[in-house]
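Q: My structure is below; once you've seen it, I'll send some questions.
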Amino acid sequence: VSKLILDRLVVTLPLGAMALTFSMCVAIPLGVFAASRRGRPGDWLVMGFGQLGISIPNFWFGILLALVFAVGLKLFPAGGFPGWGVDAAGSLHALILPALSLSLPEIAILSRVTRSSMLDTLREDYVRTARAKGVAERDVLMRHALRNALIPIVTIAGLLAGFLLAGAIIVETVFYLPGIGKLVFDSINNRDLIVIKNVVMLLTTLV
């Protein structure tokens, strides 16, 4: 079972890392943008996107991405994984759509957390002092507020990292990736309880 799991982690760990990177790179700017425009249309738009992102199942979003970008535009493969040793660039390319679909709920959650944390920080005295001294609003947001607002954001991101690996089960099945998720799915179909038990223990430990 250890050999099976190690062979599949070379797919699932890069997938989870890509999804977490996408989440952080998109969610934090969105949250800062929403906080800087509290109560205005930009804020409502980001919060609406957040609600939508939490509501949409990531496997359905993955199917939609495959239909648009793989079947329609033919920019990405619809599924499969060539292997790092065979084609590293092609393998990375094959993980982009699954990582995007996996990251959607995390982007929605992190953007809302970032907005909330930024709003709390923007009320602090040192932010008011920086503005009174004539510091540019961009510097107030990025250098003064965001640095201190990152504590809960990083905490939530750490929790989401474990959930990303667990959430990869259905996404890997949709895109036919030979990772941990596909291993669990096949093991459930084959009633292979020993493999399922060990994978569940691994995912629980990671969380």
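Q: For the chain, what is the accessible area per residue in Å², given a 1.4 Å probe and the full set of protein chains?
A: For the chain, the per-residue accessible area is 53 Å².
Q: Would you please put 28-35, 142-149 in order of how densely packed they are, using the mean number of other Cβ atoms within 10 angstrom per residue and starting with the highest?
A: Put in order of decreasing packing, that is 28-35, 142-149.
Q: Could you tell me the accessible area of PHE22 in Å² (1.4 Å probe, neighbours in place), rounded to the nearest ten?
A: Counting only protein heavy atoms, PHE22 exposes about 60 Å² to solvent.
Q: Something else: Report relative contact order for the chain in percent, whole number only (criteria: Cα-Cα under 8 Å, sequence separation at least 6).
A: 31 percent
Q: Amide H of GLY80: which non-local residues (sequence gap of 5 or more, or other chain) have their own amide H closer than 5 Å, using H built in the peptide plane?
A: Distant-sequence amide H within range of GLY80: TYR176, LEU177.
Q: I would also like to ask the following. By how many degrees, 0 to 90 and rounded to 10, does the Cα axis of helix 180-189 deviate from the longest principal axis of the chain?
A: Approximately 50 degrees, to the nearest 10.
Q: In addition: Taking Cα atoms, how many degrees apart are the long axis of helix 88-122 and the longest axis of the chain, rounded to 10 and kept between 0 and 90?
A: 30 degrees
Q: Now a separate question. Between the helical axis of 146-174 and the dominant principal axis of the chain, each derived from Cα atoms, what acute angle in degrees is found, rounded to the nearest 10?
A: Taking the Cα atoms of the chain, the angle to 146-174 is about 20 degrees.
Q: To the nearest 10 square angstrom, how much accessible area does GLU137 have with a 1.4 angstrom probe?
A: 80 Å²
Q: Leaving out ligands, DNA and RNA, what percent of the accessible area of the chain is carbon and sulfur, probe 1.4 Å?
A: On the way: 7470 of 11020 Å².
Roughly 68 percent of what the probe reaches on the chain is carbon or sulfur.
The values are calculated or read from the model by the stated rules, or taken from the named source; none is laboratory data. Note that the coordinates shown come from a computational prediction; the quantities given were computed from them, not determined experimentally. Backbone-built Cβ (ideal geometry, glycine too); neighbour counts: all protein chains shown. Protein only, heavy atoms only, side chains kept; ligands, DNA and RNA dropped before computing areas. Shrake-Rupley method; radii C 1.70, N 1.55, O 1.52, S 1.80 Å.
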